[in-house]
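The values are calculated or read from the model by the stated rules, or taken from the named source; none is laboratory data. Treat the numbers as computed from the prediction; the structure is a model and nothing was measured. Cβ: placed from backbone, ideal geometry, glycine included. Neighbour counts: every protein chain shown.
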Amino acid sequence: MRGADTTKRCSPSSTPRPPSSTTTTTSALNLTASAPRRTPLFERHVALGGRMVDFGGWELPQQYTSIRDEHLAVRKVAGLFDISHMGRFKVTGEAGLDFLQSLLTNDLSRIGRGRAQYNLMCNEEGGILDDLVVYWGDDGFTVVVNAANRERDLDWMRSHAPSSVEIEDRTFELSLIAFQGPRAQELLPAKGLDDLPYFGFRPGQVAGVSALVSRTGYTGEDGFEIFVKADRVGEVWDAILKNGAGHGVLPAGLGARDA
């Protein structure tokens, strides 16, 4: 829970730009006018027996074997989640920090580079638009928002950004998976994470694939969220499950995540 000293009134930045009217398209999108979107891991979910449901406009696994089994795997060993449905924006420019500070309730200046922060984005009256996580990197900020709010959040941010700030929607080029559980660090095929603090992140390699690894998640267990290019995420997914085979690691669906 945020302390009272971290809350401030949200106000728009100066020199706003009009909302972008462009729509991002990519081969990672597999959709018709009415069908939900699919992540790059869709075929793997189906092959693993995933029971697919429409969640926030995305076709995702509710469960594979059972919600109970997957929940217990996360509590006792580790579970692997596809959370690529969540929106991912890159914010760059010399006024990036001030811009985000004007829209968010928590104080980003308290964390610094290499750290992430849970935050709320609000409108000009202080009403909450979305909850999100901001990652402060050497080359700018990554903002992860809820899937159902992606387009609205993006338009809101772009309409209030000064001309010196660029906001790029990277949702479809950069996938996001989460490996959560008490043995996640032991079983993740990556090195150099022993000293990574909670809500810290750094670039590295997972199963030989370049990734951004963050010690974040909301299962209540230790674990990592892994940003990796959409065309390489399948390799990382397969390697994590292979490395956890025989240890009780399971792919986990939405039901276990919310259990």
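Across the stretch 85-108, which residue is surrounded by the most Cβ atoms within 10 Å (Cβ to Cβ) among those that are touching a helix residue (DSSP H, G or I) at 6+ places or on another chain (Cβ under 9 Å) and either at pLDDT below 95 or β-branched (Val, Ile, Thr) (or both)?
Val91
Tell me which residues, restricted to the stretch 138-181, are more than 12 Å from Phe99 (Cα to Cα), of a type in the set (S, T, N, Q) and touching a Pro at 6+ places or on another chain (Cβ under 9 Å).
Within the stretch 138-181, Ser175 is the sole residue that qualifies.
With respect to the numbered conditions (1) in contact with a helix residue (DSSP H, G or I) (Cβ under 8 Å, 6 or more places away or on another chain); (2) surrounded by fewer than 16 Cβ atoms within 10 Å (Cβ to Cβ); (3) hydroxyl-bearing (Ser, Thr, Tyr), which one is the sole condition not fulfilled by Ser66?
Among (1) in contact with a helix residue (DSSP H, G or I) (Cβ under 8 Å, 6 or more places away or on another chain); (2) surrounded by fewer than 16 Cβ atoms within 10 Å (Cβ to Cβ); (3) hydroxyl-bearing (Ser, Thr, Tyr), the lone unmet condition for Ser66 is (1).
Check Ser210, Ser164 and return the single one that is assigned to a strand (DSSP E or B), touching a residue at least 12 places away in the same chain (Cβ under 8 Å) and of a type in the set (S, T, N, Q).
The unique qualifying residue is Ser210.
Listed here are the residues, each with its yes/no results for (1) in a loop (DSSP other than H, G, I, E, B); (2) modelled with pLDDT of 95 or more; (3) over 21 Å from Leu193 (Cα atoms).
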| position | (1), (2), (3) |
| --- | --- |
| Gly220 | yes, no, no |
| Phe227 | no, yes, no |
| Asp231 | yes, yes, yes |
| Glu235 | no, yes, no |
| Asp238 | no, yes, no |
| Asn243 | no, yes, no |
| Gly248 | yes, yes, yes |
| Gly255 | no, no, yes |
| Ala259 | yes, no, yes |
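So, Asp153, is that one touching a residue at least 24 places away in the same chain (Cβ under 8 Å), surrounded by fewer than 18 Cβ atoms within 10 Å (Cβ to Cβ) and not aliphatic (A, V, I, L, M) or not?
It is false that Asp153 is touching a residue at least 24 places away in the same chain (Cβ under 8 Å), surrounded by fewer than 18 Cβ atoms within 10 Å (Cβ to Cβ) and not aliphatic (A, V, I, L, M).
Per-residue answers, yes or no, for (1) among the hydrophobic types (A, V, I, L, M, F, W, C); (2) on the phi > 0 side of the Ramachandran plot; (3) in a strand (DSSP E or B):
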| residue | (1), (2), (3) |
| --- | --- |
| Phe179 | yes, no, yes |
| Pro182 | no, no, no |
| Glu186 | no, no, no |
| Lys191 | no, no, no |
| Pro197 | no, no, no |
| Arg202 | no, no, yes |
| Gln205 | no, no, yes |
| Gly217 | no, yes, no |
| Phe224 | yes, no, yes |
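When Leu154 is evaluated against the numbered criteria (1) outside any strand (DSSP E or B); (2) touching a Leu at 6+ places or on another chain (Cβ under 7 Å), which criterion, by number, is the only one it fails?
Unmet condition: (2).
Taking the condition of being among the basic types (Lys, Arg) and either out of contact with any Ser or Thr (no Cβ under 8 Å at 6 or more places or on another chain) or closer than 20 Å to Tyr64 by Cβ (or both), how many residues in the stretch 194-231 meet it?
2
When residues of the stretch 174-198 are filtered for being buried (at least 16 other Cβ atoms within 10 Å of the Cβ) and either in contact (Cβ under 8 Å) with a residue 40 or more places away in the chain or not small (Gly, Ala, Ser) (or both), how many remain?
16
Are there any strands (runs of 3 or more DSSP E) wholly within the stretch 57-119 with 2 or more residues that are outside the structural domain of Asp231 (by TED's automatic domain parsing) and either in contact with a Lys or Arg (Cβ under 6 Å, 6 or more places away or on another chain) or touching a residue at least 60 places away in the same chain (Cβ under 8 Å) (or both), and if so which?
Per the criteria, 87-92.
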